[in-house]
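Structure record follows, encoded as structure tokens.
The values are calculated or read from the model by the stated rules, or taken from the named source; none is laboratory data. These numbers were taken from a predicted model, which means no experiment stands behind them. FYI the Cβ positions are ideal-geometry reconstructions off the backbone, even for glycines, and counts take in every protein chain you see. Remember, those area values only see protein heavy atoms, side chains included, never the ligands or the DNA or RNA. Shrake-Rupley method; radii C 1.70, N 1.55, O 1.52, S 1.80 Å.
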Amino acid sequence: MSGARLGRVLVLAVASSLALAACAGGGGGGTTGGDVTSVKIGFMGDLTGENSAIVIPPYNGAKMAIDEYNAKNPKVKIELIKYDSQGKPEQATSLLAQAVNTDKIVALIGPAFSGESKAVGGTLEESKLPSISPSATGPGLGKNGWKYWHRVVANDEDQGPRVAEFLVTAKSPKKAFVLSDDQEYSVGIAEAVVKTFKDKGVEVETDKFSKDASDYSSTVTKVKAANPDVIFFGGYYAQGGRLLKQLRDNDVKTMFASGDGSLDQQLVTSAGADKAEGAVLACPCNIPTSGVTGTLKTFFDNYKKSAGTDPAIYATEGYDAATAYIKAIEAGKTTSEDINNFLSTVNFEGVSKPIKFKSNGEPENASIFVYQVKGGVLKLLGPSASAKLEG
């Protein structure tokens, strides 16, 4: 059997098994009767792959929220089960079959990335299993009519335009070069940035390369010949760090900007601190630092104690996604259907932002924040509408 045909057979088998589970089990393995003393919630994302630094913080945040809840000795405890998809859509698909049919989770935090979210969204819907992503920003995810899908972050149709508008205000560019690799998230945010630049009268050139490429010389040559005023890369830090290093090694000194997928210290490590200096990163996340006060300080201190490190990208969003489920369970909702119905009315002040979902699962709050690499570290400049570049 050919590889392509085998792949189709496996996908059909998984879809069929999930559909059967949905019909037989009332949705995602939710308990349908008797005294419930515990429920299982899954967390799915890249926990060991090349972009795992984006996903480990929200996992740690979710785990902290559930540990805090279980420590209160509630009537219904929560078991958090992690599913390491490594960000691969095909891996997420097979793991979801295990989560639904074997582990019988009642809800899912994740998937973390847009590509894997797109791959499993339909089967989550068929299984009537509620999901909340702490980090998937692909704009198309909210346009599928899914009733069991949610996220707590703004999408790239918010993020892309805001970072483009920030760059137009900060640099007044006449020409921009927008790059991406071929991943779902990368293409989506790049397209949003291109559209906004063009709407603002900025000339734009584009290029795209394979996510598995390591030599970007062809792209670098095109960028250097174009001599743009700003460069935007839509993608993750694993590719972004290599790209930035090769641009700087070839004497391309133009300001480099990217989105939330590149917002990690490993971008700086991979490119080199001197080459990454001044790079601009946007994110629908407000990362707490040691200087914060109030609720963010409490979260910062507790997270550092729990995870053994400072909070990073989407740590607060992971915490808030788990908290939404916790509130449902505290309200006596222990089946997948009941939890999902509860999410349509949930409304609370989260650590990251106020948490409330629109009817399509999108968050009501769509704030975007800007960061800049200064002295080899990522520094928060503030909300995109008011942030000012340094240097």
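Can you tell me the order of 156-167, 41-52 when each peptide is scored by its average per-residue count of other Cβ atoms within 10 angstrom, highest first?
Descending mean neighbour count gives 156-167, 41-52.
For LYS195 and ALA273, what does the FRET efficiency come to when R0 = 56 Å and r is the distance between their Cβ atoms, rounded to the nearest 0.05?
So, using R0 = 56 Å, E works out to roughly 0.95.
Provide Rg over Rh for the range 147-223; use the alpha carbon set for both Rg and the Kirkwood Rh (inverse mean inverse pair distance).
1.03
When ligands, DNA and RNA are left out and all protein chains stay put, how many square angstrom of accessible area per residue does the range 263-391 have with a 1.4 Å probe?
I get 42 Å² per residue for this part.
Residue farthest toward the positive end of the dipole of the chain, with Cβ of Lys/Arg at +1 and Asp/Glu at -1: which of TYR59, GLY142, PRO288?
Value computed over the given set: PRO288.
How much of the DSSP beta bridge set in the chain is antiparallel, as a percent to the nearest 5?
Here the share of antiparallel DSSP bridges comes out near 30 percent.
Work out the FRET efficiency for LYS174 and GLU90 from their Cβ-Cβ distance, taking R0 = 56 Å, and round it to the nearest 0.05.
That gives a FRET efficiency of 0.85.
So, in Å, what gap is there between the alpha-carbon centers of the range 337-361 and the range 296-321?
20
If amide hydrogens are placed 1.01 Å from N in the peptide plane, which non-local residues have theirs closer than 5 Å to the one on LYS82?
Close amide H contacts, sequence-distant or interchain: PHE43.
Distances over 19 Å make up what percent of all Cα-Cα pairs in the range 218-280?
In whole percent, the share of Cα-Cα pairs in the range 218-280 beyond 19 Å is 19.
Roll a 1.4 Å probe over the protein chains and send me the accessible area per residue for the range 147-203 in Å².
With the other protein chains kept in place, the range 147-203 gives 39 Å² per residue.
For the range 50-131, go through all pairs of different Cα atoms, get the mean of 1/r, take its inverse, and jot down that Kirkwood value in Å.
Result for the range 50-131 stands at 13.6 Å.
Roughly what would the spin-label model give for THR48 and GLU390, points 7 Å off Cα along C-beta, in nm?
3.8
Using label points projected 7 Å from each Cα along Cα→Cβ, tell me how many nm separate LYS304 and ASN144, to one decimal.
Taking the simple label geometry, LYS304 and ASN144 are separated by 3.9 nm.
Specify the angular offset, from 0 to 90 degrees and rounded to the nearest 10, of the alpha carbon long axis of helix 315-330 from the longest principal axis of the alpha carbons in the chain.
So the inclination is approximately 20 degrees.
Where the accessible area of the range 219-358 is counted over protein heavy atoms with a 1.4 Å probe, how much of it, in %, is carbon and sulfur?
Solvent-exposed carbon and sulfur of the range 219-358 make up 45 percent of the total.
Here are a few candidate values for Cα extents along the principal axes in Å: (i) 186, 47, 34; (ii) 68, 59, 35; (iii) 52, 49, 47. Which one was actually calculated from the structure I just gave you?
(ii)
Charges at C-beta only: +1 for Lys and Arg, -1 for Asp and Glu. How large is the resulting dipole of the chain about its Cα centre, in Debye rounded to 20?
240
Using the Cα centre of the range 106-257 as origin and beta-carbon charges of +1 (Lys, Arg) and -1 (Asp, Glu), tell me which of SER127, SER180, PHE197 is placed farthest towards the positive end of the dipole.
Positive-end residue among those listed: PHE197.
Can you work out the accessible area per residue across the range 54-115, with the rest of the protein chains kept in place, probe 1.4 Å, in square angstrom?
Accessible area per residue, the range 54-115: 38 Å².
Output needed for the range 262-391: three equivalent-ellipsoid semi-axes, defined as square roots of 5 times the C-alpha gyration tensor eigenvalues, in descending order, whole Å.
Semi-axes from the Cα gyration tensor: 32, 16, 13 Å.
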